[in-house]
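Here is the structure we will look at.
Readers should treat all values here as calculations from the given coordinates under stated rules, not as data from a laboratory. Every value quoted in this text rests on a predicted model; they were computed, and no experiment measured them. Methodologically, a virtual Cβ is constructed for each residue, glycine included, from the backbone with ideal geometry; neighbour enumeration extends over all protein chains shown.
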Amino acid sequence: CEASVPAGLPPLPTGVGSTATATIGGSPWYAATIVGLHPGSGTFSLSASNTAYSLTLVPKVPVSAGNSYGIPSQMGVTVLREGTAESWWGGTGADIGTVTISTFDAHRLVASFSGILPALNAPAALTLAGGTVNAYLE
């Protein structure tokens, strides 16, 4: 059965697509769900997940494009293994990774990230490598 809409479909919004990828613990990871918020100048909150892991990025200091930020001194990073109690975070103390922001405005965050996250509730540290985010922010 084929149906039609007399007035046609409305145009799709522009600029709303998002991607997030990384190597987590040595395995490729591709986010299926990405939620990015831009509550004000210099800040954002990003959550990306699939059925294996969820990852959050939240700045601890005002951020801008063209700069790198240390994990954990300037950027909070948390990873949870879905369906378990295992988790990792940036920790405290000396930086163990970086987030580099190439684009950041009211509606878009483009960044790369990597680091070795200490176990919060897991048997060992977790390596994040080659992480990229290109996310629409609301």
Given Ile116, Ile101, which one is under 23 Å from Ser18 (Cα atoms) and in contact with a strand residue (DSSP E or B) (Cβ under 7 Å, 6 or more places away or on another chain)? Ile101
How many residues, within the stretch 119-138, are without any contact (Cβ under 8 Å) to a residue 60 or more places away in the chain and either under 16 Å from the mean Cα position of the chain (by Cα) or surrounded by fewer than 17 Cβ atoms within 10 Å (Cβ to Cβ) (or both)? 6
